[in-house]
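Taken together, the values in this text are just the output of simple stated rules run on the coordinates, not laboratory data. Treat the numbers as computed from the prediction; the structure is a model and nothing was measured. Glycine gets a Cβ as well: all are built from the backbone with ideal geometry, and neighbour counts include every protein chain shown.
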Amino acid sequence: MITRIKKINPENPEKSIIEEAAAIIKEGGLVAFPTETVYGLGADALLAEGAKRIYAAKGRPSDNPLIVHIADFSSLDLITDEIPDAARALADAFWPGPLTMIFKKSDAVPLATTGGLDTVAVRMPSHPAALALISESGGYIAAPSANTSGRPSPTLAAHVAFDLDGKIPMILDGGPVGIGIESTIVDLTGDVPQILRPGYITRDMVEDVIGRTEDDPGLTSDDPDVHPKAPGMKYRHYAPKADLVLVDGDIDKVTAAINRLAAENREKGVVTGVICTAETEGLYQADIVRSTGSREDEVSISRHLYALLREFDALGAGQIYSECFSDLDIGTAVMNRLTRAAGHKIIHV
Ligand code: TXA
Ligand code: MG
């Protein structure tokens, strides 16, 4: 299959291109498109055939459910049997935007889309190209991140092409995304709302609107029998080929430790990469030193993270060290992704 990459104006996508992309979706085909979080791989969420194509293109385990993307709040009526008050309040506050909510699903949603679950994850993205494509395609697009399963989510159309070239008919290229990590997922089907995946919308922001929430115990549990409620969170994910180790502590100790480790690696001939910030970039001596962003502009940290993990792969890094970001508001989400990419390897200095 030839993959066509179509450049679009991210603010005001060309109608003719959106119509062409929507025609593919309506026939059960796949189109990758930008959202404000990461690029998504879209199919008609109400066609089992579309969902099956997504799993095949990504090499994704079919028990890992897809998020249904809508462009209008009233679209919820067809796909959910019950809209809790908390969901209305969160939608008022954060939709369109980087928040996904879990609902009881209606019969209109095929089990192929929800990985066999009787719940459905729904998000209304804010990216104009995403909204235009969803509306033009009939209102319901199932879209996981548009990466090969296990690779970092794509934040540029080039990342999608690297993973999926030849496997999908079209990629809409709207340039770099704004947030760079996937949406916050909140489960509203239980007694107390639970955060299943941290994201740009923080727990404090959610609690300001609906009161007390809990973290899904499966997110942080060491007990192998306690699984995350979002099936996707159980897979090793976002992982670069190199061994990644996080280094936590006061920043002067962190830089000293990383420089010492990098020097040891050089003796052994291991190419070493460092993930740091604009504030600390000048303090490291290693083969590949990359700032992911500035601590003064938190979303710049999440925006470039996945691109860096891909770049270290491309440059043949054998070992990567990263600073930690727990002190930032976006730190919970960034550390969730980094910790899993690192297979939980952290050095405290
Ligand atoms: O920002 C995002 O959410 C991006 C963009 C494209 O919108 N999408 C995304 O999709 O990250 P994906 O498939 O890579 O991650 C979806 C996560 C998975 O961990 C999946 O297991 C979980 O959502 N999920 C989906 N439906 C669920 C459900 N009914 N119950 C619990 N978890 C669910
Ligand atoms: Mg994903």
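Sorting the segments 202-213, 117-128, 28-39 by their residues' average number of neighbouring beta-carbon atoms within 10 angstrom, most packed first, yields 28-39, 117-128, 202-213. Ordering 268, 6, 345 by the number of other Cβ atoms within 10 Å of each residue's own Cβ, fewest first, gives 268, 345, 6. Does a label point 7 Å from the Cα of residue 297, set along Cα-to-beta-carbon, have any residues of the range 177-193 with amide nitrogen under 15 Å, and which are they? Residues 177-180 fall inside that zone. The Cα center of the range 315-349 and the Cα center of the range 38-107 differ in position by 29 Å. Placing R0 at 45 angstrom, the Cβ-Cβ distance between residue 85 and residue 268 gives a FRET efficiency of 0.15 after rounding to 0.05.
Of all DSSP beta bridges confined to the range 272-349, the antiparallel ones make up roughly 10%.
Dividing the summed helix terms, -39500 (n - 2.57) for each DSSP H run of n ≥ 4, by the number of residues in the chain produces a 222 nm estimate of -9500 deg cm²/dmol to the nearest 500. Near the amide H of residue 140, within less than 5 Å, lie the amide hydrogens of 45, all on another chain or at least 5 residues away, with H placed in the peptide plane. When the P(r) is computed for the range 270-315, the part past 17 Å accounts for 30% of the Cα-Cα pairs. Between residue 283 and residue 1, the simple spin-label model (points 7 angstrom out along Cα→Cβ) gives 4.7 nm.
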